[in-house]
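Please read the structure below before turning to the comments.
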Amino acid sequence: MFAVGLCIDTAYLLPSMVTLISLADASPDRASTAIRVLTPDLSRTDAATMAAIVRFLGFRSFDVRWVRPGWRVVDGSYISTATYLRFDFAPDFVGRPHLVYLDSDVLVLGDLTSPLGALARGRIGLVRDLFNHSVGAGPALPGVADRWPAFRGRPYFNAGAMWCHTAELARLRTGVARIMRHDGQHIHYNDQDALNLWGLRDDSVQPLPPEFNTFEVDRFAELGDWVHPIVAAATVPSSPVVLHFVGAEKPWLATCPSTPAVGLYRRHLRHARRLARW
């Protein structure tokens, strides 16, 4: 038994429905999967609509909690401030032994449970970031490689999909919050940087295979050549479990290049609109 956690504001309500529809399609046992939502601003009506759709999709446990973000957004107006609630999940709210956190710009295309059995106590399951892949090789964690040379070249992880034991949530939140308060000079990507620095200091990250947080890169290839060397040097899974639409070109926007993955996303989007009657 596990819970899937989403953090959304009003602007990301519809995309979160798409994520949940894809999760339902990919889940072998919807009835035992709980859905937990943190939000700063959903109306009670929106929350009730979401609850009804979750029940229709076959998930039997749903709860929502209203929380205000405590993080400062510094990288892109397209980022929902609700993302920075991802460390506010509490064990009593989750109510399951494990939490799988997902950003709301993902499609779930496979079974999320397989990392949980091998996840060691005290460690968080994350996937290495495709674009900012190493400490000291990009804008993430500025100054960390110079201050702590042993960290240079170590893997840098994306926080858009995260697996953890619920018992670790309080320690995770405390560690990330402390770094956000006291190590601001090393923070570029907000709490994602703080999570990575915490993981480096405490050896708290358990790397997961790339299919559990696969970036959709064809959109970027449509817009320029910069992504080709990155993709050539990395392993991009052909059968992702979690397909992540990072960046400003979101698949629900009319301006987004129409790649095959975007087409798949938009089919789910049409389903979400029909369910919500939007």
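The values are calculated or read from the model by the stated rules, or taken from the named source; none is laboratory data. Computed from a predicted model, the values in this text were never measured in an experiment. Neighbour counts run over all protein chains shown; Cβ positions are idealised from the backbone, glycine included. Only protein heavy atoms, including side chains, enter the accessible area calculation; ligands, DNA and RNA are left aside. Shrake-Rupley method; radii C 1.70, N 1.55, O 1.52, S 1.80 Å.
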Task: Derived scalar couplings ³J(HN,Hα) [the stretch 199-205; Karplus, 6.51 cos²θ - 1.76 cosθ + 1.60; whole Hz; x for Gly, Pro] - done: x, 5, 5, 9, 6, 9, 9
Open item on the list: Within 15 Å, Cβ to Cβ, of Phe59, how many net charges do the neighbouring residues add up to if Lys/Arg are +1 and Asp/Glu are -1?
Closed with: +2
TODO: Please report, as a whole percent, how much of the solvent-accessible surface of the stretch 203-248 comes from carbon and sulfur atoms (probe radius 1.4 Å).
DONE: 56 percent
- [ ] Quantify, in whole percent, the carbon and sulfur part of the accessible surface of the stretch 56-193 (1.4 Å probe; protein heavy atoms only).
- [x] 51 percent
Open item on the list: Computed from the coordinates I sent, Rg and Dmax of the Cα atoms in Å equals one of (i) 18.6, 58; (ii) 17.8, 54; (iii) 25.8, 110. Tell me the label.
Closed with: (ii)
- [ ] For the stretch 261-277, take each phi angle, set θ = phi - 60°, evaluate the Karplus expression 6.51 cos²θ - 1.76 cosθ + 1.60, and give the result in whole Hz per residue in order, putting x for glycine and proline.
- [x] 5, 5, x, 4, 4, 5, 5, 5, 5, 4, 4, 4, 5, 5, 5, 7, 6
TODO: Would you work out what percent of the accessible area of the stretch 1-45, with all protein chains in place, is carbon or sulfur (probe 1.4 Å)?
DONE: 51 percent
TODO: Express the accessible area of the chain per residue in Å², computed with a 1.4 Å probe while the remaining protein chains stay in the model.
DONE: 42 Å²
- [ ] Could you check what % of the DSSP bridge pairs in the chain are antiparallel, to the nearest 5?
- [x] 35 percent
Task: Relative contact order (%) - criterion: Cα under 8 Å, at least six apart; region: the chain - done: 21 percent
Task: Amide H contacts under 5 Å for Val64, placed H, 5+ residues apart - done: Val37
Task: Residue-span extension gain [Asp63 to Ala120] - 0.36 nm each, minus C-alpha spacing - done: 17.8 nm
Task: Per-residue ³J(HN,Hα) for the stretch 212-224, Karplus 6.51 cos²θ - 1.76 cosθ + 1.60, θ = phi - 60°, Hz, x for Gly and Pro - done: 8, 6, 8, 6, 7, 9, 5, 4, 5, 5, 5, 9, x
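Please label the shape of the stretch 1-153 as rounded, prolate or oblate, based on the square roots a ≥ b ≥ c of the eigenvalues of the alpha-carbon gyration tensor (a/c under 1.5 means rounded; beyond that, a/b larger than b/c means prolate, else oblate).
On the way: a/c = 2.06, a/b = 1.48, b/c = 1.39.
Since a/c reaches 1.5 and a/b is larger than b/c, the shape of the stretch 1-153 is classed as prolate.
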Open item on the list: Please report the spacing between the Cα centers of the stretch 171-200 and the stretch 214-231 in Å, no decimals.
Closed with: 28 Å
Task: Over the chain: helical MRE at 222 nm, DSSP H runs n ≥ 4 each giving -39500 (n - 2.57), nearest 500 - done: -10000 deg cm²/dmol
TODO: Would you mind checking which residues have amide H under 5 Å from Phe2's amide H? H placed 1.01 Å from N; only 5 or more apart, or other chain.
DONE: Ala34
